[in-house]
Structures are given as C-alpha cells and as structure tokens.
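Take a look at the structure set out below.
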Amino acid sequence: MTDKVENPLDLVSHLPFRLAVVSNLLALDRDWKIRNLTSLEPREMRVLLNIGSYMPIKSADIAYQSRLDSYTVSRAVKKLLALKLIESRQDEVKKNVKNLYLNEEGKALYQKLTKAMDERANLLEGVLTKSEKSLFFNMLERIENKTETILATQATELIESGLEAPADQKELIRWHKKANSK
C-alpha cells in the first residue's frame, strides 16, 4: 500500500474492485478463442446470447436480464439485424411489441459461442466443489441484489433532491422495482 496518500484504498480486499477485475478477465472479447469466432462486440454477443437462450424475447427483457441499458441493447439489436443474425417479429398478442429470434446463421454462431463459453466455464468451475459453486451463486445473487438496491436508492435520492436523472439511472430504478415486485 502506498504512503503517498492518507488512508489508501486496499484494492485487494475491496469487493467491487475485485468483482470488476474478474469481470474484465471474463469479458467475451478477452477470450481469444471466443474472439476468433466472431467480429461482434461484447454487447452484441451478450444480446445474441440472450436471444438464443430465451427467444422469443423483447429488447426490454434483454436489458433487464443482463442489466444493460436499453440504448446499448437497441444498438446491439440494430447491428445484429444488419448482420442478418436475428429477426424481429411482431408479437401475436401484443401487436405493438417486437420479439427477437435467432435465424439459422444466428443459431449457428450461438452454438459456436456457447460451446466455447461452456468449455471456459467448465475449466473455471473446476476450482470449486459442487457445494462451493452453489454457495458462490447464492452469494453472487445477494451481491447483485444489494448492488441494485444501493444504486436505485442513490438514484431515487438524487432525483428527490431535484436533480434530473439520466436514462440509465431511471432504468436502474425500474429494474429495482420490477425485481422487488416479484
């Protein structure tokens, strides 16, 4: 630790920092095997993976599930449509809603990506026992929920103090309300 500032932050024991480091290491474009499968950006890969795993799915549901802001999802969907990897179809019940699907080319890429991701996940999970993995997922869920609560509460307090909230902060509040209404 440095002696150049008063009370330096111990990054080794700082949970958000450590989670960010692991997240950076696990970024889809960091993995050379995955990066060699496609020229898609990470956000486009995440959206493609969500569509493949949950289709038919709406953009708003992808944003909520992955906690990506709706603008990011929208940009990724436009790119995936332009690359002809996905299709957008009108919902049969709600005519104003568009559902997203992988087409055949998208399905083929999805299969390649998920195979590479599963190989990496199996190697990574090998450091945990079955019970440790279960406990770890439980802890991750609690950390995710608490993080969302902290961010939504801060955003609400700043809005109540008279500040105009950016769209991503309003979205955090909506996600938090949606998660807590279940």
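The values are calculated or read from the model by the stated rules, or taken from the named source; none is laboratory data. Since this is a predicted model, take the numbers as computed values, not measurements. Every residue, glycine among them, receives a Cβ derived from its backbone with ideal geometry; neighbour counts consider all protein chains shown. Quick note on the areas: whole protein, heavy atoms, side chains included, nothing else; ligands and nucleic acids left out. Shrake-Rupley method; radii C 1.70, N 1.55, O 1.52, S 1.80 Å.
Taking D91 and the conditions (1) among the charged types (D, E, K, R); (2) in contact with a strand residue (DSSP E or B) (Cβ under 9 Å, 6 or more places away or on another chain); (3) open to solvent by 40 Å² or more (accessible area, probe 1.4 Å), which numbered condition does it fall short on, given that it satisfies the others?
If we test D91 against (1) among the charged types (D, E, K, R); (2) in contact with a strand residue (DSSP E or B) (Cβ under 9 Å, 6 or more places away or on another chain); (3) open to solvent by 40 Å² or more (accessible area, probe 1.4 Å), just (3) comes out false.
Which condition number does A155 fail, the rest of (1) open to solvent by 70 Å² or more (accessible area, probe 1.4 Å); (2) in contact with a Leu (Cβ under 8 Å, 6 or more places away or on another chain) being met?
Unmet condition: (1).
Check segment 126-136 and report whether any residue there is among the aromatic types (F, W, Y), part of a helix (DSSP H, G or I) and open to solvent by 70 Å² or more (accessible area, probe 1.4 Å).
Checked segment 126-136: at least one residue is among the aromatic types (F, W, Y), part of a helix (DSSP H, G or I) and open to solvent by 70 Å² or more (accessible area, probe 1.4 Å).
Which residues, counting only those in segment 97-127, are within 17 Å of K78 (Cβ to Cβ) and among the hydroxyl-bearing types (S, T, Y)?
Y101
Please give the number of the condition L83 fails out of (1) surrounded by 15 or more Cβ atoms within 10 Å (Cβ to Cβ); (2) under 22 Å from F137 (Cα atoms).
It fails just one condition, (2).
Which of (1) open to solvent by 90 Å² or more (accessible area, probe 1.4 Å); (2) closer than 22 Å to Y64 by Cα; (3) modelled with pLDDT of 95 or more does N96 not meet, given it meets every other one?
So the condition that N96 fails would be (3).
Working only within segment 16-56, note down all residues that are hydrophobic (A, V, I, L, M, F, W, C), over 15 Å from the mean Cα position of the chain (by Cα) and farther than 23 Å from N145 by Cβ.
W32, I34, L37, L40, M55
Sort out which residues of segment 33-67 are open to solvent by 60 Å² or more (accessible area, probe 1.4 Å) and more than 22 Å from K94 (Cβ to Cβ), and write them in order of number. Working first, answer last.
Here is the first cut: in segment 33-67, the residues open to solvent by 60 Å² or more (accessible area, probe 1.4 Å) are 33, 35-37, 39, 41, 43, 46, 53-56, 58, 60, 65, 67.
Within segment 33-67, K33, R35, N36, L37, S39, E41, R43, R46, R67 qualify.
Given the conditions (1) assigned to a helix (DSSP H, G or I); (2) under 20 Å from the mean Cα position of the chain (by Cα); (3) hydrophobic (A, V, I, L, M, F, W, C), which single one is not true for V12?
The failed condition is (2).
Would you say Y71 is touching a residue at least 24 places away in the same chain (Cβ under 8 Å), open to solvent by 30 Å² or more (accessible area, probe 1.4 Å) and farther than 24 Å from H176 by Cβ? I'd like the intermediate steps shown before the answer.
Working: touching a residue at least 24 places away in the same chain (Cβ under 8 Å): yes; open to solvent by 30 Å² or more (accessible area, probe 1.4 Å): yes; farther than 24 Å from H176 by Cβ: no.
Answer is no for this residue.
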